[in-house]
Amino acid sequence: MQHQGTIQLETERLLLRPFREADGDAMYRNWASDPAVTKYLTWQPHESVEASRAIAALWERESAKPDFYQWAIVPRSLGEPIGSLSVVRIDEAVDAMELGYCIGRPWWGMGITAEAVRAVIAYLFREVGANRVAACHDVDNPHSGRVMAKAGMTREGTLRASQRCNRGIVDMTYYSVLASEWQQGRKGDEKPCTTS
């Protein structure tokens, strides 16, 4: 793979960009402080806006690394982040990458996360040279699986008692898409994601 890091991506409704330290307030307000958002995740809700600011600052510093992928999900209509999307695991031996994401409750069910995931998948296949992009979810969080399916991933199966999240040890369902499948599934009138 040819790592290029967190470059800015655009979709019809979204700007996906590297985090900035100044995003901490929006992060805290829009998703990171909400226990409903973190219920199925591995990190606890942020207890203060200072915690969110520190994470945003860390992600801004890390974004200089070519193998660091962490996008702020910014609706064009709002102009501030409402969630994050990242590559949480890289396996260079098989050119595979695994995604993780979360988004604030007011924006659930609007197709925003799937739109963001599709743009990142396209970037990872086209520009980075990934062969496999995967994601997984707690079996008791099927909404996340629907995001993966809408983004073009195929359900692979469930690994029992395979991860720990805020609910404890849980079964995880995996989805993936291969570069060859993604290429075959593209429509001729598909609007490509743009970078700037």
For this session: Return a yes/no flag: does region 1-12 have any residue that is touching a residue at least 40 places away in the same chain (Cβ under 8 Å), assigned to a strand (DSSP E or B) and more than 15 Å from TYR101 (Cα to Cα).
Result: yes
Exercise. Do the conditions hold for SER86, that is, is it touching a residue at least 24 places away in the same chain (Cβ under 8 Å) and among the polar types (S, T, N, Q)?
Worked result: no
For this session: Check region 122-138 and report whether any residue there is touching a Cys at 6+ places or on another chain (Cβ under 7 Å) and either in a helix (DSSP H, G or I) or among the hydrophobic types (A, V, I, L, M, F, W, C) (or both).
Result: yes
Exercise. Got at least one residue in region 86-107 being more than 15 Å from TYR123 (Cα to Cα), in contact with a strand residue (DSSP E or B) (Cβ under 6 Å, 6 or more places away or on another chain) and modelled with pLDDT under 95?
Worked result: no
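Okay, residues lined up against (1) of a type in the set (D, E, K, R); (2) surrounded by fewer than 15 Cβ atoms within 10 Å (Cβ to Cβ); (3) under 30 Å from ASP95 (Cα atoms):
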residue: MET1; (1), (2), (3): no, no, yes
residue: GLU10; (1), (2), (3): yes, no, yes
residue: LEU15; (1), (2), (3): no, no, yes
residue: TRP31; (1), (2), (3): no, no, no
residue: ALA57; (1), (2), (3): no, no, yes
Problem set entry | Number of the exception - TYR40 against (1) modelled with pLDDT of 95 or more; (2) closer than 23 Å to GLY168 by Cα; (3) surrounded by 14 or more Cβ atoms within 10 Å (Cβ to Cβ) | (1)
Seminar exercise, completed: Residue hits (region 165-177; assigned to a strand (DSSP E or B) and either in contact with a Phe, Trp or Tyr (Cβ under 9 Å, 6 or more places away or on another chain) or within 14 Å of HIS137 (Cβ to Cβ) (or both)) are CYS165, VAL170, ASP171, MET172, THR173, TYR174, TYR175, SER176, VAL177
Problem set entry | Scope region 105-117; condition without any contact (Cβ under 8 Å) to a residue 40 or more places away in the chain and either within 8 Å of ALA151 (Cβ to Cβ) or out of contact with any helix residue (DSSP H, G or I) (no Cβ under 9 Å at 6 or more places or on another chain) (or both); matching residues | MET110, ALA114, VAL117
Seminar exercise, completed: The residue that is nearest to ILE103 (Cα to Cα), considering only those in region 118-151 that are open to solvent by less than 70 Å² (accessible area, probe 1.4 Å) and touching a helix residue (DSSP H, G or I) at 6+ places or on another chain (Cβ under 6 Å), is VAL147
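The values are calculated or read from the model by the stated rules, or taken from the named source; none is laboratory data. Keep in mind it's a predicted model, so treat the numbers as computed, not measured. Positions of Cβ are backbone-derived with ideal geometry, glycine not excepted, and every protein chain shown enters the neighbour counts. Areas reflect the complete protein model, heavy atoms only, side chains present, ligands, DNA and RNA absent. Shrake-Rupley method; radii C 1.70, N 1.55, O 1.52, S 1.80 Å.
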